[in-house]
Amino acid sequence: MAVGVTGDDLMVRVGPDATDAALARPGTRIFDMTGRPMRGWVVVAGEAVAEDDTLGAWIDEGHAFAASLPPK
């Protein structure tokens with residue numbers, strides 16, 4: 001899984017090494033639905049991905065990380 005939608009927000013799998021850099025970008029926060037943050041995932045506020053280019057960049061980033069993982 002590379003990206004997903006929760007409410008109006010976008011969940012993006014960026015990987016553990018890119019989490020801090022992703023969290024420095026506007027509208028992001030740690031992905032935490034159960035009280036336990038998920039390493040390597042961030043949530044991007046819907047307002048922060050309102051522009052097609054920005055949304056596409058996040059989707060591309062999530063896809064690139066997921067594609068880098070070994071096949072199951």
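Bear in mind these aren't lab numbers, they're just calculated from the coordinates by the rules spelled out. For clarity, every value in this text was computed on a predicted model and none was experimentally measured. Heads up, the Cβs are rebuilt from the backbone with ideal geometry, glycines too, and the neighbour counts pull from every protein chain shown.
Okay, which of segment 42-72 sit inside 12 Å, backbone N to the point 7 Å along the Cα-Cβ direction of THR6? Residues 42-45 qualify, since their backbone N sits under 12 Å from the label point.
Here the spin labels are modelled as points 7 Å beyond Cα on the Cα-Cβ line, and at ALA24 and SER68 they lie 1.6 nm apart. ALA24 sits among other residues whose Cβ lies under 15 Å from its own Cβ, and their net charge, with Lys and Arg +1 and Asp and Glu -1, is -1.
Taking the Cα centre of the chain as origin and assigning +1 to Lys and Arg Cβ atoms and -1 to Asp and Glu Cβ atoms, the resulting dipole is close to 480 debye. Of LEU69, VAL43, ALA18, which is farthest along the charge dipole of the chain in the positive direction, counting Lys and Arg as +1 and Asp and Glu as -1 at C-beta? Toward the positive end, the furthest listed residue is LEU69.
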